Structure formats: structure tokens, C-alpha cells
Amino acid sequence: MEITLGSPASAPQPLSPYYSQVARVRQADGGALLFLSGQIAEGATLAEQTRGVFETIDALLKAHGATLADVVNIRTYLTDISRLEEYGAVRREFLTGTPPTSMTFEVPRLFRPEAQVEIEVVAAVAAGG
């Protein structure tokens, strides 16, 4: 097994130097699992922030030969769970196939006070990807 940690130059860079955005775990068959750190984005509304997060996730996945269709697990942290439908509407714009496994949590705050949503995903990449 080979593990590579990093933040691809082709994607938006992390907001802090204290973490890697992606852990790529190569599997014996040549495929890989991608573990993405929680992502936040700028924006005035939850919808804007959610859209920005999914755009960043898409860029991080593409840097590793994957797409949003390869996402197998998603964890979402919302500062207001009553806005789940608003978040879900934007999420469905990006995750259009069979939904991945999922957990959504309400948290009192995120590491940036203006952040309303943070999302982390796991993706499975076929050999050659």
C-alpha cells in the first residue's frame, strides 16, 4: 500500500498550512481511495458556500483522475441543520447519480466564524485513474 499526502497545485489551496487536502491510498489492484479534508468556501449565503465547496472538491478529485461520480462517502457539517434542504438542493446539482453514503451533523461553529458548511468526502478511483 502506498499513501500520498498533498494539496494539488491545480486546485484551490488550503486555508491553512497545517493540513493536506488529499490523502491518496493506492490499492493493490492499482486503484486508489481518496480521502479529502473538510472543505469550506467563501460566500454570503449557505448556497454560495456549498457551491464553492463542491467546486473545490471537484477540482481536488480531478487532480487525482476522479470525478464527483466517484464519491462513495460524504460528511457534512452545518451550523444550522434547519437549512438542510437548502444545502441539499445545491448538493444535488453536483452529485447527480446514485447518492453516496452520507452523514450530516449540526455543529455550533466551524474553524472560520463565517463558515456555514464544511464537507469532506471519500472517493474510489479505478485502476488507471
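The values are calculated or read from the model by the stated rules, or taken from the named source; none is laboratory data. In this text, all values refer to a predicted model and were calculated from it rather than measured experimentally. Here Cβ is always computed from backbone atoms with ideal geometry, including for glycine, and neighbour counts include all displayed protein chains.
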Being in contact with a helix residue (DSSP H, G or I) (Cβ under 9 Å, 6 or more places away or on another chain) and on the phi < 0 side of the Ramachandran plot is true for just one of PHE94, PHE111. Which residue is that?
PHE94
Are any of the residues in the stretch 74-90 in a strand (DSSP E or B) and closer than 25 Å to GLY30 by Cα?
yes
Show the residue pairs that are 6+ apart or on different chains and have beta-carbon atoms under 6 Å apart, the first residue being within the stretch 5-16 and closer than 14 Å to ALA59 by Cβ, the second being aliphatic (A, V, I, L, M) and modelled with pLDDT of 85 or more.
PRO8/ALA63; SER10/ALA63; ALA11/ALA59; ALA11/LEU60; ALA11/ALA63
Among VAL122, VAL53, which is the only one that is crowded, with 19+ Cβ neighbours inside 10 Å and under 24 Å from GLY6 (Cβ atoms)?
VAL53
Residues of the stretch 111-123 being assigned to a loop (DSSP other than H, G, I, E, B) and either charged (D, E, K, R) or over 19 Å from ARG91 (Cα atoms) (or both), in sequence order, are PHE111, ARG112, PRO113, GLU114
Return only the number of the condition from (1) buried (at least 18 other Cβ atoms within 10 Å of the Cβ); (2) among the basic types (Lys, Arg); (3) within 13 Å of the chain's Cα centre (by Cα) that ARG24 does not satisfy.
(3)
Any residue at all in the stretch 56-78 that's surrounded by fewer than 20 Cβ atoms within 10 Å (Cβ to Cβ), among the aliphatic types (A, V, I, L, M), within 29 Å of PRO113 (Cβ to Cβ) and in contact with a helix residue (DSSP H, G or I) (Cβ under 6 Å, 6 or more places away or on another chain)?
yes
